[in-house]
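Asker: Have a look at this one.
A short reminder: the numbers here are calculations on the coordinates, not readings from a lab. From a predicted model like this one, the values you see are computed outputs, not experimental measurements. Cβ sites come from the backbone with ideal geometry, for glycine too, and all protein chains shown count toward neighbours.
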Amino acid sequence: MTLRRSHAVSVLLPASLLSLFLSSGVAFSQNAAGPMPANAHAKSYGPGWQCDFGHRETNGNCVATPTPANGHLTEVSSRGWECDRGYRASGDLCAKVEVPANAYLTDTSNGQRGWECDRGFRAVDATCSAVKVPANGFMTDSAYGPGWECDRGFRAIQQACIAIAVPMNAYLQGSGNRWKCDRGFRQDAESCRRIEVPQNAYLDSTGESWRCARGYRRSGASCVVLSVPANAHIGNYSEDWECNQPYRRQGDGCVKGG
């Protein structure tokens, strides 16, 4: 008896949910309960019907989708139609895209204007203006910026390409628009000054500073011998010392840990 009652509940529950869903006023392009109207056909799967292509369900009927001149029916757009190439939607109409000189037609979806300027021109309001490339510059395809860049060894300053003055003991970096001092030199304003490496020191990996050799520590502009107390050894950083186990550091010496 309990099994039968449980089975009945499981059957009735989906039906009650379906009834609630259908009474909520949601619009469908097909109707499983009412008779099939004109300009409709049976669904390819499941019960019910749906409107033919070019028609939309309205109050249980399938009415023709109004299509403006220079437009065509589609199932992609929510309104059921889209404009032909060379036209863009303007309300319920398809307005012709006015392509300026030195431009070409493009897509008008997502509110795009429907045209782009040819290479060598940039959009200025509703026209395409020629890109003026200065001496020692070249044209780019970027949609941002002035439409040109300077040659290697030159830097853009306003509307011109100015030669980069590379000082002695320096070189142009990979970008070609700035310079860097050679290894062993450090930038000082617009020049490169030699790095004075003291005795018992060496240039570090950057080539822009120096480090003391192992067993020495930095003191101002020189390297002095590192004083290692009893029961200690030079640490991993080489400019300091560490106590041996089981000693611990106390002041300038090592004492047995307690």
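Asker: Under a crude label model (7 Å from the Cα following the beta-carbon direction), how far is Gln199 from Ser44 in nanometres?
Answerer: Label-label distance for Gln199 and Ser44, simple model: 9.2 nm.
Asker: Shifting gears a bit: With the dipole of the chain worked out from charges on the C-beta (+1 for Lys and Arg, -1 for Asp and Glu) around the Cα centre, which of Cys83, Gly215, Asn177 lies farthest toward the positive end?
Answerer: Gly215
Asker: Relative to the Cα centre, what is the charge dipole magnitude of the chain, using +1 at the beta carbon of each Lys and Arg, -1 at the beta carbon of each Asp and Glu, and rounding to the nearest 20 debye?
Answerer: 940
Asker: What nm value, rounded to one decimal, do you get for the distance between Asp252 and Arg183 when each label is placed 7 Å out toward the C-beta?
Answerer: So the label points at Asp252 and Arg183 sit 3.8 nm apart.
Asker: Hey, if you put +1 on the Cβ of every Lys and Arg and -1 on every Asp and Glu Cβ in the chain, which of Gly46, Ile164, Tyr144 ends up farthest toward the positive end of that dipole?
Answerer: Ile164
Asker: Can you give me the long-range amide H partners of Thr74? Hydrogens built in the peptide plane at 1.01 Å from N, cutoff under 5 Å, separation of 5 or more residues or another chain.
Answerer: Trp81, Glu82
Asker: Quick one: 3J(HN,Hα) in Hz for segment 36-45, Karplus 6.51/-1.76/1.60 with θ = phi - 60°, rounded, Gly and Pro as x.
Answerer: Values, residue by residue: 6, x, 5, 6, 9, 8, 5, 5, 6, 9 Hz.
Asker: Round to the nearest 10 and give me the degree value, 0 to 90, for the angle of helix 2-22's Cα axis relative to the longest principal axis of the chain.
Answerer: 90
Asker: Using +1 on the beta carbon of Lys and Arg, -1 on that of Asp and Glu, and nothing else charged, what's the dipole of segment 76-168 about the Cα centre, debye to 20? Show your work: numbers first, answer last.
Answerer: On the way: 10 positive and 11 negative charges, 43 e Å.
Value, rounded to 20: 200 debye.
Asker: Rounded to the nearest 500, what is the 222 nm mean residue ellipticity of the chain from helices alone, with -39500 (n - 2.57) per DSSP H run of 4+ residues and division by all residues?
Answerer: Details: 1 runs with 21 residues, N = 258.
Value at 222 nm, helices only, nearest 500: -3000 deg cm²/dmol.
Asker: Could you tell me the distance between the Cα centroids of segment 180-258 and segment 68-147, to the nearest Å?
Answerer: So the separation of the two Cα centres works out to 64 Å.
Asker: Just one of (1) 17.9; (2) 37.4; (3) 15.1 is mean projected area of the Cα convex hull in nm² calculated from these coordinates, so which is it?
Answerer: Step by step, mean projected area of the Cα convex hull in nm² for this structure corresponds to label (2).
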